């Protein structure tokens, strides 16, 4: 199972649209996958599930989406030149002993020109620190609003081709 993480809890976010596109590409390649939308995390997880505290709802999410997956795909929007705080807090809740060296693919999303390249660098450092290998092809999706059709679907052929190459490495 491959888990795709939509890396923000902002309502009506574009990252979730990109996560759905990634899921469709995986499904076309007969790769079992699921999407974790960080909007679905328990509201108080930062205070009830970290630093030794137990939150059963959060632990259920962790078992299903993180510890039970053979690979992870993180779709991360750019927030203040990096990645969202909710994503960092979520990663801080991972029990390193439960991780099984899942490969991680990173996709940056931004309305600007860099496609969250800096945020993916920051994520790479954190994920390497906790022992997870990163797929060597990072995908920065720049000016994402220009790449979506009226139904908010990603239709840009070169971006879809890059995502497909990353899937091959995953």
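Screening residue 29 on (1) under 23 Å from residue 165 (Cα atoms); (2) surrounded by 14 or more Cβ atoms within 10 Å (Cβ to Cβ); (3) at pLDDT 90 or above shows it passes everything except condition (2).
Among the residues of the stretch 136-154, those identified as surrounded by 12 or more Cβ atoms within 10 Å (Cβ to Cβ) and either at negative phi or free of Cβ contacts under 8 Å to residues at least 60 places away in the same chain (or both) are 137, 138, 139, 140, 141, 142, 143, 144, 147, 148, 153, 154. Here residue 10 passes the criteria (1) over 21 Å from residue 148 (Cβ atoms); (2) at pLDDT below 95; (3) touching a strand residue (DSSP E or B) at 6+ places or on another chain (Cβ under 8 Å); (4) surrounded by fewer than 18 Cβ atoms within 10 Å (Cβ to Cβ) except the one numbered (1).
Each residue in the stretch 125-135 was checked for being surrounded by fewer than 17 Cβ atoms within 10 Å (Cβ to Cβ) and in contact with a helix residue (DSSP H, G or I) (Cβ under 7 Å, 6 or more places away or on another chain), and 3 pass.
One residue stands out in the stretch 67-86 among those that are assigned to a helix (DSSP H, G or I) and touching a residue at least 12 places away in the same chain (Cβ under 8 Å): the one that is nearest to residue 119 (Cα to Cα), namely 86. Any idea how many residues of the stretch 118-170 are part of a helix (DSSP H, G or I) and under 17 Å from residue 28 (Cα atoms)? Number of matching residues: 12.
The single condition among (1) outside any strand (DSSP E or B); (2) crowded, with 18+ Cβ neighbours inside 10 Å that residue 43 does not satisfy is (2).
Taking every residue in the stretch 24-47 that is without any contact (Cβ under 8 Å) to a residue 12 or more places away in the chain and pairing it with any residue that is surrounded by 12 or more Cβ atoms within 10 Å (Cβ to Cβ), at least 6 positions away or on another chain, the pairs with Cβ-Cβ distances below 7 Å are 27/33.
The values are calculated or read from the model by the stated rules, or taken from the named source; none is laboratory data. Keep in mind that what you see is a predicted model, and the values were worked out from it rather than measured. Glycine also receives a Cβ, built like all others from the backbone with ideal geometry; neighbour counts cover every protein chain displayed.
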